[in-house]
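A short write-up of the structure that comes next.
The values are calculated or read from the model by the stated rules, or taken from the named source; none is laboratory data. Computed from a predicted model, the values in this text were never measured in an experiment. For neighbour counting, all protein chains shown are included, and Cβ atoms are generated from backbone atoms with ideal geometry for every residue, glycine included.
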Amino acid sequence: MKVMAYIDNPYNSDEGKSLLKENLTNIFMPTEDGKGLESTSKRMMVDNFRSNTNRIIGLMKRFAKGYKQIPLSDAYDSGVLICPHCQRRDFQQYWETVDLSIYDPKHWIGSVKPTKATSGPMWSKSRVQVMHRVRCNHVTTCNKCHQTYQGHAYTECPNPSCSADADRLAKVGCLKESVQVGYVQEKTLAQQYPTDERIAGRFGNINKEINVYRNGRLVPKTGKEAAFELLTPVSGPANGPVSNPLNVGRHIPILRMTYEADGRTTSPNYPISQMRYAFSRNKRRVCTGRITYDQYGRPQNAHDGNRYSYYDSRVWLVDEQGREQHKCNVCGAAEPPIVKESRAYAEPKPLVIENMQPLPQSDIMTSHNGGPVWQIYISDPSDRRERSNFLVPVPQVWTLKAIPTEVEVNEAGLMQSSCPNDVGFGNSVKAINEVEGEQTATVKDYLSLPRAKIVAMSISSKQAYDTAKSQNKLPQVLANKWQDYVVCIVNEAGDEITVSGITPAKDGTIDWRLKLQRSDLEFFSTGLGESGPNFTYAVCEGRSRAAFKWNGQWVDVSPQCKSYRAQDGSVLSSPRYYPRFNQYPTWYADVINDVDDEGNIAILERTRSKYVQNQNYQPPDPNGFSLGKDYLWMEEMSHIIMDPNRYGPLIEGKVDALQTYHTVKAIAEELDLNIGQRTIVNECQTCKSAYRAGGIEISRKNEGYVNDQGIVKSPFIYPQEVYDLEVKYQSEFGMNALNKPLAWGVEAKGKQLLQDPDKIRVE
């Protein structure tokens, strides 16, 4: 589908005036002296118009652009990133990479082995999931030529072919960090934009093939993963247009995967994004040659013996400068079946984003997974045929996500869907953050206290423990087993430590306490909380950036984590560095200390040099870190841990226990043809019944939940508190002219519709 839009509208521009003057002479034939227009010969005027018809139409099309609407199902991996804080938009190559890591949802705070994604968007399957910490760096974008340059020092557009002044320049970049969840396909940029038929359509296992000797000759063998490293851009963020995909690979993060077979290796570079809408992808046209017949009736190809033929008598429809041609310069053919599209692409041209910088709210076309879908205009300014003009829907959830400083109510409720009017469910979600802790006002306050694990029981500690246990002054779990129970530190008096916890005692006491000895406790590391006090929104924490396989184990050789974000969420002018893991597997020390047969080169160093390109990556010294079964970033019980995909057990346990009190049913599907998105339309049966009955009190009574006095009959299924909340919620919105409650219209739009009952029908 083509969408017509007046983006540039150059009628009054210098370019527009020049085009109009040119068209004037195309329509009206100039006189011989060039000072007037032919007005005496009708035939000459008509012939002139007819001969210039195509050119007239071509010039008029310059004033309007046609865009091909891309469906949402084909808009993935576009290469467009949008800042969730300031709505800056740019292609991947213009953003600053801060840090990178791989991600394994199973070992979510100890990911070292590269693992293919099994969850996420449909298009992400069988791709290596990567966490990318991105900084919204300072850039200047020209809203006339749509080019982006690094920094804010420009007073006019630096593009030599653009004449825009400072008024057309947008200086953006909030310097805040966000996280990009990338899904890396084992496909190079050359394979994404193949200009050679020999590599078109070939990727995957072909990248893993290694020539090994078999019976005295080299044969291809599929290698196995032996190492990987995530590399920051070689040349940093791009400054101005990037001429081709191979050059853009120098400005975006790369997953360098090493495959090994029979001691031989290959290491292809996979981009973090395939940049599917950053460059043109027009198939190269090839002429197979007209078939003619000689005087004896024998067929012959018009290309035979021609020096321009590629092979099999084919001729590419390009001139000597590589510019595309409409027809074959040998036989003159221009249409199928003689002229065909090849598998290879013409030389890719850089595309531009035409939307204003930053994006206005008017560019939101719909929503997807709770976030906006941005309407992004992309075009090739060098192509007058408009073959690479696209309208691409870009969901915010597919680009950059904000990094929170604490667990928020809306975040905690993401794991369940409910009716927006389900105030009982909403109150339960809110309670996750606001329920009383033992020593503090809220759970979050409690979790900000120092934490420790009980690892032993001295004589005095055991006496205090037994006394509290006999009096039911301890939680049931702690009373049954004290080993590895996590407590918070209430007070420290020398070696005597007063502890408490988040679970009430068996007798219901909230403020229970227990005195232990310092030697009985293993304190968690302090100061490692990445995103806030005792709160980590994990991006690269607990995730490897480079590792190699040794003796069946993956050995991490990553640099430290890097961030421009302080723990309170504020922006830092210079980066801070902190450990990527705080626990290493016990066998890691063996790798560090092992040497080769000569006893003079550490195996770790030798293997690292073989597999890891970036020699600045230095393996961490395990001394000073705890050793355990595996790699680990903090204990899951030490503080609240979240990432874009999941929660730690402290929050997951609470979320799993949430209960909904409204019944939602799917009643229809809506298909948005503009973006190719299917939406399930849900109907809340509870809200519908409450409206039709004339109030929640009546509908809940009719359904058997409450009696005539408004007392709930089964509080374990439908608590009294939830009923009281629903009655209060209903009263806040009032009634319409039919004495029907407005509260049960879903969201603001639904409530507004119910205010005018003559225009609606509830069935």
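Remarks
- The residues of segment 177-200 that are assigned to a loop (DSSP other than H, G, I, E, B) and surrounded by fewer than 20 Cβ atoms within 10 Å (Cβ to Cβ), listed by number, are K187, T195, D196, E197, R198, I199, A200.
- Residue tally, condition among the aromatic types (F, W, Y) and more than 20 Å from the chain's Cα centre (by Cα), over segment 236-272: 1
- Annotation note: of V219, V248, the sole residue that is more than 18 Å from Q92 (Cα to Cα) and hydrophobic (A, V, I, L, M, F, W, C) is V219.
- On the stretch given as segment 283-315, residues that are modelled with pLDDT of 85 or more and within 29 Å of Q191 (Cβ to Cβ) total 7.
- Residue check for P358: touching a helix residue (DSSP H, G or I) at 6+ places or on another chain (Cβ under 6 Å), in contact (Cβ under 8 Å) with a residue 12 or more places away in the chain and either buried (at least 16 other Cβ atoms within 10 Å of the Cβ) or among the aliphatic types (A, V, I, L, M) (or both): no
- Looking only at segment 219-235, and only at residues there that are over 20 Å from the mean Cα position of the chain (by Cα) and in a loop (DSSP other than H, G, I, E, B), the one that is surrounded by the most Cβ atoms within 10 Å (Cβ to Cβ): G223
- If the condition is being of a type outside the set (A, V, I, L, M, F, W, C), in contact with a strand residue (DSSP E or B) (Cβ under 7 Å, 6 or more places away or on another chain) and part of a loop (DSSP other than H, G, I, E, B), then segment 149-159 contributes G151, H152, Y154, P158, N159.
- With respect to the conditions (1) surrounded by fewer than 12 Cβ atoms within 10 Å (Cβ to Cβ); (2) at pLDDT below 90; (3) not charged (D, E, K, R), G704 lacks only one, and its number is (2).
- Subset tally (residues that are over 18 Å from M257 (Cβ atoms), in a loop (DSSP other than H, G, I, E, B) and without any contact (Cβ under 8 Å) to a residue 24 or more places away in the chain) for segment 201-218: 2
- Any hit, segment 655-668, residues being out of contact with any Ser or Thr (no Cβ under 7 Å at 6 or more places or on another chain), part of a helix (DSSP H, G or I) and either within 30 Å of G532 (Cβ to Cβ) or modelled with pLDDT under 90 (or both): yes
- Qualifying residue in segment 550-557 (condition: more than 25 Å from Y588 (Cα to Cα), touching a residue at least 40 places away in the same chain (Cβ under 8 Å) and part of a loop (DSSP other than H, G, I, E, B)): no
- Residue count for segment 725-740, restricted to those that are charged (D, E, K, R) and in contact with a strand residue (DSSP E or B) (Cβ under 9 Å, 6 or more places away or on another chain): 0.
- The condition (being of a type in the set (G, A, S), closer than 29 Å to S558 by Cα, surrounded by fewer than 18 Cβ atoms within 10 Å (Cβ to Cβ) and out of contact with any strand residue (DSSP E or B) (no Cβ under 8 Å at 6 or more places or on another chain)) is satisfied by just one residue among S126, S119: S119.
- Top-ranked residue in segment 393-419 [being β-branched (V, I, T) and over 22 Å from Q87 (Cα atoms); ranked as modelled with the highest pLDDT]: V407
- Residues of segment 133-147 satisfying the condition of being among the polar types (S, T, N, Q) and either within 21 Å of the chain's Cα centre (by Cα) or assigned to a loop (DSSP other than H, G, I, E, B) (or both): N137, N143, Q147
This table checks each residue for (1) under 21 Å from C83 (Cβ atoms); (2) loosely packed, with under 14 Cβ neighbours inside 10 Å.
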| position | (1), (2) |
| --- | --- |
| S313 | no, no |
| G332 | no, yes |
| M365 | yes, no |
| H368 | yes, no |
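- Residue list for segment 328-358, filter: in contact with an Asp or Glu (Cβ under 9 Å, 6 or more places away or on another chain), within 22 Å of R384 (Cα to Cα), assigned to a strand (DSSP E or B) and at pLDDT below 90: S342, A344
- Residue within segment 682-691 that is within 20 Å of K740 (Cα to Cα), buried (at least 17 other Cβ atoms within 10 Å of the Cβ), in contact with a strand residue (DSSP E or B) (Cβ under 6 Å, 6 or more places away or on another chain) and among the hydrophobic types (A, V, I, L, M, F, W, C) present: yes
- Test: residue in segment 704-723 that is in contact with a Lys or Arg (Cβ under 8 Å, 6 or more places away or on another chain), over 21 Å from A666 (Cα atoms) and among the polar types (S, T, N, Q): yes
- Residue count, segment 559-618 (criterion: of a type in the set (D, E, K, R), surrounded by 12 or more Cβ atoms within 10 Å (Cβ to Cβ), at pLDDT 80 or above and assigned to a loop (DSSP other than H, G, I, E, B)): 1
- Total residues in segment 20-35 satisfying the condition of being assigned to a loop (DSSP other than H, G, I, E, B) and surrounded by 11 or more Cβ atoms within 10 Å (Cβ to Cβ): the figure is 3.
- Complete set of residues in segment 89-122 that are part of a loop (DSSP other than H, G, I, E, B) and among the hydroxyl-bearing types (S, T, Y): Y103, T115, T118, S119
- Residues that are part of a loop (DSSP other than H, G, I, E, B) and at pLDDT below 95 were ranked within segment 160-176; the one that is farthest from W316 (Cα to Cα) is A164.
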